[in-house]
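Heads up: the structure comes next, in structure tokens.
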Amino acid sequence: MTPPPILRIEGLTKRYSGLVVTDDLSLEVEPNELHAIIGPNGAGKTTLIGQLAGQVMPDAGHVWFDGKDVAHASPPERARSGIARSFQITSIFPSFSTEANVAIAIQGRRRHSFRFWRPADRDPKLIDPARELLTSVGLGDRMQTPAAVLSHGEHRLLELAIALAQQPRLLLLDEPMAGLGSEESKELVTFLLTLKGRYTILLVEHDMDAVFALADRISVLAAGRIIATGTPEEIRVDQEVRTAYLGDEMPIAAEGER
Amino acid sequence: MIREREWILILVLAAVAVAVPLFGDGYYTKFATKVIIFGMAALAVDILLGYAGLVSFGHAAFFGVGAYIAGMLINAGVVEGIVVLAAALVGAALIALVIGALSLRTSGLYFIMITLAFAQMLYYVGQSLRAYGGTDGFALDQRIEFGGLLDPNDTTTFYYVSLALLAVILFLCSRFLRAEFGVVLRGSRDNAVRIEAVGFPSYKYKLVAFAISGSIAGLAGALLANLNQYVAPPGMLNWEISGELLVMVIFGAAGTLLGPVVGAAVFLFFAEILSEITEHWMLLFGPLLLLRVLLVRDGLYALLQKAIAK
Ligand SMILES: Nc1ncnc2c1ncn2[C@@H]1O[C@H](COP(=O)(O)OP(=O)(O)OP(=O)(O)O)[C@@H](O)[C@H]1O
Ligand SMILES: [Mg+2]
């Protein structure tokens, strides 16, 4: 028997003044699955992530997370229930040190932060795990650097570290490879492989090499609809996907023909 | 919060502050008391401006409420300092909770305008208090007392009481701004979306900060009422006060707590000497503010911080 899905999206719909960006979308994600979402620019991938994490409120539909409908819960409520996201456009605390960026996310796991006395920057329960996490993503030598001055590649790693610091039961990654060089992308794939099987991950990504290396299943989004869901092998050969989206210049198509 | 060697700066400023009454003339001591009081109110504004990234243009409301509460209590015969100051603190905090609860639903320019609007409303409430002199305000029968132990009618004693209160507030604020609460505030200033995404309903945190800030401004207002032994809408509840507090913060350096106190000293000093020259002294002060913004990137206090760091 397969376990019940940890995430079940049902009839999710979002319109922006007439433009249907999420179109009656339904999708299930199994526990500890790495589920990739691919689709052309403007397909509605980021908007979907936003509706799962709470930054965007859907017009209709349900988001069942762990058996509870969170479709209209606020972002902090969803974060506390175990949903963490990364942002396509890096979203960090620029005036904080790299370490403090992660520590504040760890702090977010506590019931509240109405604590007024002990210095947070000396709290080993926040700092120690922050350092450990930063070391594991390869930012170990940048702990005290102000986050604003990190390179683009380092920003992408920090973005990921912040989401991981929340110890999520559902990790939403919006194009973690965006803007990375091929070497950096490869390193990130290797790192994401170490997360595989330990986290439930919904991965939005344009880098097809990464997607096919990482995903258990892939869903293809076009104009707000899921036009296909399947294993990487199934998606690779799916004729509808290829005509609707994958085009000749896509690496999968190229790989299939080689 | 406190950087390396900032202790030196703090000690120097503290030594100067403690030494002021030794220069004899009560005139200077009274002026220094005013600096302490406005410094306290400016520090309250800085909690929001420098740490939470919120521009309150309505702190005259809390300042004035504190002053009125103190004046009304004293004239009703309640003169015990602890009681009067605590009442001003709590009263201003409650008003701040209400104003903050509504204002914090907006942001940016709207927040500035709505805090200003609330303060203006309170100004007109103050004006309409016939029993308390309306626009003219009212004189206080006496100053607060501290169980007969201290005599605040003595200029020097009142100065030291104010200075001690400022020191305590500076210390408590530097604590909570460095604790988890302060981290969330600064996080919400840095990135309003991310702070929510990592699990903080930032509205609640900002509201508590707003109430704390309001209560400190209220305490400062209560002290000013005592210093002048007079309370009136102009000079306490008018919007210029809100603006001047912001100028003090920016002059001194936002996000440093002590900077706004230095800013208050500089502002009041120039106000004093320039207003001797002309009643349009702001005409002269304006260019100074411009120079400050153009030449000193982070404010005077930041300049001092750099000077000792060398
Ligand atoms: N706040 C908004 N208001 C109006 N239209 C929006 C808004 N957000 C997104 N859109 C539109 O919705 C569509 C989907 O946008 P979305 O960012 O979700 O696409 P995407 O699949 O993430 O694209 P990309 O691959 O470029 O990141 C686009 O046409 C976009 O212009
Ligand atoms: Mg996107």
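The values are calculated or read from the model by the stated rules, or taken from the named source; none is laboratory data. Remember, it's a predicted structure, so these values are computed and weren't measured experimentally. Quick reminder, even Gly has a Cβ in these numbers, built from the backbone with ideal geometry, and neighbours come from all protein chains shown. The accessibility values were calculated without ligands, DNA or RNA, using every heavy atom of the protein model including side chains. Shrake-Rupley method; radii C 1.70, N 1.55, O 1.52, S 1.80 Å.
Listed values, structure above:
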| quantity | calculated |
| --- | --- |
| For chain B, built as a Gaussian network whose Cα springs stay under 10 Å, the top-fluctuating residue of B:162, B:107, B:56 | B:107 |
| Highest-fluctuation residue, B:252, B:108, B:91 considered, GNM on chain B with Cα pairs under 10 Å | B:108 |
| For the protein assembly as shown: accessible area per residue (Å², 1.4 Å) | 43 Å² |
| Separation of the residue A:110 and residue B:288 label points, Cα + 7 Å toward Cβ, nm | 4.3 nm |
| Interface area, A with B, accessible, probe 1.4 Å, both sides summed, Å² nearest 100 | 2700 Å² |
| Of all DSSP beta bridges in the protein assembly as shown, antiparallel share, percent nearest 5 | 60 percent |
| The range B:245-277 and the range A:1-63: distance between their alpha carbon centers, rounded to Å | 53 Å |
| Solvent-accessible area lost in complex, 50 Å² minimum, residues of the range A:109-123 relative to chain alone, 1.4 Å | A:113, A:114, A:116, A:117 |
| Mean-position separation - Cα centroids, the range B:68-102 and the range A:166-229, in angstrom | 57 Å |
| Threshold 40 Å² - residues in the range B:181-220 whose accessible area is reduced by that much or more when the chain is no longer isolated, probe 1.4 Å | B:181, B:183, B:190, B:191, B:193, B:194, B:196, B:197, B:198, B:199, B:200, B:205 |
| Rounded percent of accessible protein surface that carbon and sulfur make up, the range B:29-238, 1.4 Å probe | 67 percent |
| Rg/Rh (Cα only; Kirkwood hydrodynamic radius) as it applies to the range B:29-238 | 1.00 |
| Sequence-distant residues sharing a close amide H with residue A:85 (under 5 Å, placed H) | A:172 |
| Taking chain A and dividing mean pair separation by its residue count, relative contact order in percent (alpha carbons under 8 Å, at least six apart) | 25 percent |
| Subset of A:68/A:196; A:125/B:206; A:45/B:206; A:68/B:204 violating a 30 Å alpha-carbon distance limit | A:45/B:206 |
| Accessible surface of the range A:94-167, 1.4 Å probe, proportion on carbon and sulfur as whole % | 53 percent |
| Relative contact order for chain B, counting Cα pairs under 8 Å that sit 6 or more residues apart, in percent | 33 percent |
| Under the span-like rule (Cα at least 18 Å along the axis, Kyte-Doolittle mean at least 0.0), DSSP H helices of chain B | B:6-19, B:26-46, B:59-75, B:81-103, B:108-127, B:155-178, B:202-228, B:239-252, B:258-277, B:281-295 |
| Label zone at residue A:19, where the point sits 7 Å out along the Cα-to-Cβ direction: the range A:25-43 residues whose backbone N lies under 15 Å | A:40-43 |
| Alpha-carbon centroid distance for the pair the range B:14-52 / the range A:70-146, whole angstrom | 37 Å |
| Distance (nanometres) between label positions extended 7 Å along Cα→Cβ at residue B:281 and residue B:15 | 2.9 nm |
| Residue with peak Gaussian network fluctuation, chain B [Cα springs, cutoff 10 Å], from B:49, B:140, B:274 | B:274 |
